[in-house]
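Every number in this text was worked out from the coordinates using simple rules, so none of it is lab data. Treat the numbers as computed from the prediction; the structure is a model and nothing was measured. Reconstructed Cβ throughout: ideal geometry from the backbone, glycine too, with neighbour counts over all protein chains shown.
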Amino acid sequence: MKKITILGSTGSIGTQALDVVRNLPEELSVEVLAANSNVELFAKQIKEFRPKLAVLADEAAYKKLSKKKFRGTELAGGRQAFIDAAAFGNSQIVLTAMSGFAGLEPTIKAIKARKNIALANKETLVVAGELITKYAELCGVKILPVDSEHGAFFQCLQGEDMRKINRLLLTASGGPFRGKTSDELKNVTVKEVLAHPTWNMGKKITVDSATLINKGLEVIEAKFLYDVDYDQIQVVVHPQSIVHSMVEFCDGSVIAQLAVPDMRLPIQYALTYPRRLDSPVESLKFWELNSLTFERPDFKTFRGLNYAYSSGKLGGTMPCTFNAANEVAVNAFLQGRIKFLHIYDVIEEVIIRRDIFTPTLENLLEEDKATRRLAEQYIELAY
């Protein structure tokens, strides 16, 4: 029986992870649940899975939760309690399913407690890839990717010589605006942006998928997960989302991982690795697949992808700057304060104006704060 911690249990990845646990009651048990502020759903999760510790980061939400009674579960609240939950108890693996920069400190805490990481919080590797990989190596910790694309790479590379990789072919659905021009995207609504054609995800990652910035974040993530050069990571638009990614080797052979688009599959593989177990995920019906198509991404329209590559290549604190600027811009768009294409403008303005520093934890925390201030100032002045 493997004991797990889920950070971000009420979000899209967290709830699907709990579906995996329900399907494998003899293999997985929940040691810790942590979330932000969804009291009602969180309370239901506590009653069903009976973790030893349950934490809400939002203190007002925690006060409401603390009025409820739960048998055998310790309750805690606040940001520091959320971070500390990553190192709690006898969990063997911590699923980092929260969104954004907020995942950095809990992930480091878990690694230092020598707990393996099932990484769904890609921003952790984007902003602090050098630190995270160094800590993981020093502590003997495995980082197991949960993104469908990185889960695909991970499976394709089992038993392979990493030195023989030619290219990582990172697939992208293209989002709801594949094939659109900048002129056609000037006045798209939040509702249109959130209508992803393939995946059901949280709002922030859905906006990132529409801008293709999510794919840019995954490019930086791939750099640190697989220790390859950025020139070896190629984005390929694949609207059917059946091929989840591919690896090309030095001899020209390409190995791909295919499955129906269901996040429970990569979540389960990360949580149960190195074992491969039965799952409720539907099997592919190849005779019903009319076609599998592949296209080059449109770097001109979806220019955030360019910013991701350039930020990654610059290194230091620049990927942190890129990520923070994007988080602020996406939030402003969801609030109706800026238009869709302004997300790119905010990112461009901020990364031009920020210097690059050595990526220590202190510098990264400061850079995140400074970038957010600058991005907010720019939005207020420009829009």
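Looking at the chain alone, DSSP beta bridges between its own residues are antiparallel in about 25 percent of cases.
Using only side-chain charges placed at the Cβ, +1 for Lys and Arg and -1 for Asp and Glu, the dipole size of the chain relative to its Cα centre rounds to 1240 debye.
Each principal axis of the Cα cloud of the range 2-145 was taken in turn, and the coordinate range along them, longest first, works out to 42, 35, 24 Å.
Multiplying the residue separation of PHE357 and LYS67 by 0.36 nm and subtracting their alpha-carbon distance yields 99.9 nm.
When the helices of the chain are scored as -39500 (n - 2.57) per DSSP H run of n ≥ 4 and the total is divided over every residue, the value at 222 nm lands at -14000 deg cm²/dmol.
If I take every Cα pair under 8 Å that is 6 or more residues apart in the chain, average their sequence separation and divide by the length, what percent do I get for the relative contact order?
In percent, rounded to a whole number, it is 15.
For the peptides 136-149, 167-180, 204-217, residues were scored by their other Cβ atoms within 10 Å and the scores averaged per peptide; the highest-first order is 204-217, 167-180, 136-149. Taking every full run of DSSP H in the chain, the ones that stretch at least 18 Å from end to end by Cα along their long axis and average -1.0 or higher on the Kyte-Doolittle scale are 122-139, 213-226, 318-334, 361-382. For the chain, the alpha carbon positions stretch 57, 53, 41 Å along the principal axes, listed from largest to smallest.
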